[in-house]
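Below: the structure, in structure tokens.
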Amino acid sequence: MAASQVAVIRGPVRKLYGRVRVPGDKSISHRLAMLAAVADGESEIEGFLEAADCLSTLACLNRLGVRTRLEGGRLRVSGRGRRGLEEPADVLDAGNSGTTMRLLAGILAGQPFFSVLTGDDSLRRRPMDRIVRPLTAMGAQIMGRVGDRFAPLAVRGGDLRAICYRSPVASAQVKSAVLLAGLYADGPTTVVEPAPSRDHTERLLRGLGVHVETRVDAEGGFAAQVTPPTRIPPIRARVPGDFSSAAFWVAAAVVHPDAEVTVEGVGLNPTRTGFLEVLDLMGADVRAEVMGEAAGEPVGTVVARSSKLRAAEVRGSLIPRLIDELPLVALVACFAEGTTVIGDAAELRVKESDRLAGVADGLTRLGVAVREEPDGLVITGPAGLAGAELDARGDHRLAMSWAVAALVASGETRVVGAETVAVSYPGFWETLAELAGPVARLRPA
Ligand code: S3P
């Protein structure tokens, strides 16, 4: 990670207008790189996200003997085939990236060699038992710190048994880890979730000719089942723009009194766009239109304008479909008439930071009436935001949420940890300047 930075932003900005594109989807970039690594032959992926998280995935794949070349957003991967990865001579460092660690653990569970996965301070505090449990049930040996709960994880994989795993959490990372391990199992492997999480893995596998079935089971669980293929063909794909990156500009537009922002080329997979549904409930002036398809995903344009907003209740099966946008839901709620309740969101406590605590603290500093609950937040609006010093807590999504808040806060806001945006959104500060003018100055901390 780059040296620590503070973004100093003087708000409120006068207006917010423009037409922008966002970088490639992070979730899809990770998955494409990993699948290309175990495919036969040369894959070519356009629009690969060149951010720290996805670069961590590439570095791990390189240690597993996979050659990759990344030039101007085009990633070429020399696939080693399903059984061709090599035992790494050193530890695999997933950096800040939960997706890298959890999905790669699924692939490593199927490899007949020893490997060690580690990550930065934040990632080594995040729960890994959620993947260790199903992967060991399939026959992999995995050990980790504190009773196999935390990384570093030592993995010795091999031939795997097919299982049906009922995950207690709706998590695409858990589901994907098990489905990827399922590529190496002795029969069809099933994962059942309590609510649907993002389905990029299922879509990509299907696009590669792998048999994946999804259904609602007798107990109302959401099941995905993969049948192991004999081979994975090379990939040609274009990565859609990341909806989670677009969401910052959509949020900025709806809370600003003089704004219209268009985001083009953005992924509109319905398992990712719960934020648009909440904005609709809140009465926001936002339109999304699907214009085409890329990597098996709907892609289109989102137009967001200044809006008169009302409070909403956000809980239940919506939560996994807007999990990374919840800090923005909280921010938008500050501008809505009434009390917004976010519930069933305890998962936010185990993201790159404890996002419930981080959001509650930041909004309080901005002068908002917010109450932190064990699994959510209660926010009463509308509230005028007063510029403050806000800490990203090492979390890229908090840094960007605070930068958006600063655009509508009065006076100076200082975002400590501004460099963390590089984890998922290189070019964030440049796009902010395109829309709002040169209002943010980056300084060494
Ligand atoms: C992701 C799944 C989500 C999300 C994360 C990316 C993925 O995590 O928060 O940013 O790429 O599968 P969980 O599976 O832990 O909910």
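The values are calculated or read from the model by the stated rules, or taken from the named source; none is laboratory data. Model, not experiment: these values are computed from the prediction. Using ideal geometry, Cβ is built from the backbone for each residue, glycine included, and neighbour counts are taken over all protein chains shown.
Just one residue in the set Cys54, Cys60 is within 25 Å of Gly158 (Cβ to Cβ) and in a helix (DSSP H, G or I); that residue is Cys60. Within the stretch 305-321, the residues that satisfy the criterion of being among the aliphatic types (A, V, I, L, M) and under 12 Å from Glu277 (Cα atoms) are Ala312, Val314, Leu318, Ile319. You will find that of Leu153, Leu104, Leu180, the residue that is surrounded by 24 or more Cβ atoms within 10 Å (Cβ to Cβ), in the same structural domain as Arg215 (by TED's automatic domain parsing) and free of Cβ contacts under 8 Å to residues at least 60 places away in the same chain is Leu153 and no other.
Out of curiosity, is Val191 within 15 Å of the ligand (Cβ to nearest atom), in contact with a Lys or Arg (Cβ under 7 Å, 6 or more places away or on another chain) and either β-branched (Val, Ile, Thr) or not in a loop (DSSP other than H, G, I, E, B) (or both)? In short, yes. Could you tell me whether Ser353 is more than 15 Å from the ligand (Cβ to nearest atom), in contact with a helix residue (DSSP H, G or I) (Cβ under 8 Å, 6 or more places away or on another chain) and not assigned by TED's automatic domain parsing to the domain that holds Gly47? Spelling it out, it is not the case that Ser353 is more than 15 Å from the ligand (Cβ to nearest atom), in contact with a helix residue (DSSP H, G or I) (Cβ under 8 Å, 6 or more places away or on another chain) and not assigned by TED's automatic domain parsing to the domain that holds Gly47. Report, by residue number, each residue of the stretch 143-175 that is more than 10 Å from the ligand (Cβ to nearest atom), in a loop (DSSP other than H, G, I, E, B) and under 26 Å from the mean Cα position of the chain (by Cα). Those that are more than 10 Å from the ligand (Cβ to nearest atom), in a loop (DSSP other than H, G, I, E, B) and under 26 Å from the mean Cα position of the chain (by Cα): Arg149, Pro168. Considering every residue within the stretch 108-131, establish whether at least one is at pLDDT 95 or above, over 26 Å from Leu58 (Cβ atoms) and either in the same structural domain as Ala181 (by TED's automatic domain parsing) or of a type in the set (A, V, I, L, M, F, W, C) (or both). Within the stretch 108-131, one or more residues are at pLDDT 95 or above, over 26 Å from Leu58 (Cβ atoms) and either in the same structural domain as Ala181 (by TED's automatic domain parsing) or of a type in the set (A, V, I, L, M, F, W, C) (or both). Scanning the stretch 194-213 for residues that are within 16 Å of the ligand (Cβ to nearest atom) and touching a strand residue (DSSP E or B) at 6+ places or on another chain (Cβ under 6 Å) yields Pro196, Glu202, Leu205, Val212.
For the condition buried (at least 21 other Cβ atoms within 10 Å of the Cβ), closer than 22 Å to Gly11 by Cβ and without any contact (Cβ under 8 Å) to a residue 40 or more places away in the chain, Val368 qualifies.
Does Val178 satisfy being outside any strand (DSSP E or B), more than 17 Å from Leu103 (Cα to Cα) and among the aliphatic types (A, V, I, L, M)? The answer is no for Val178. The numbered conditions (1) away from the ligand (no atom under 12 Å from the Cβ); (2) closer than 26 Å to Gly296 by Cα are all true for Val178 except (1). Give the residue, chosen from Gly95, Gly72, that is farther than 26 Å from Thr189 by Cβ, within 14 Å of the ligand (Cβ to nearest atom) and outside the structural domain of Gly394 (by TED's automatic domain parsing). Only one candidate passes the filter, namely Gly95.
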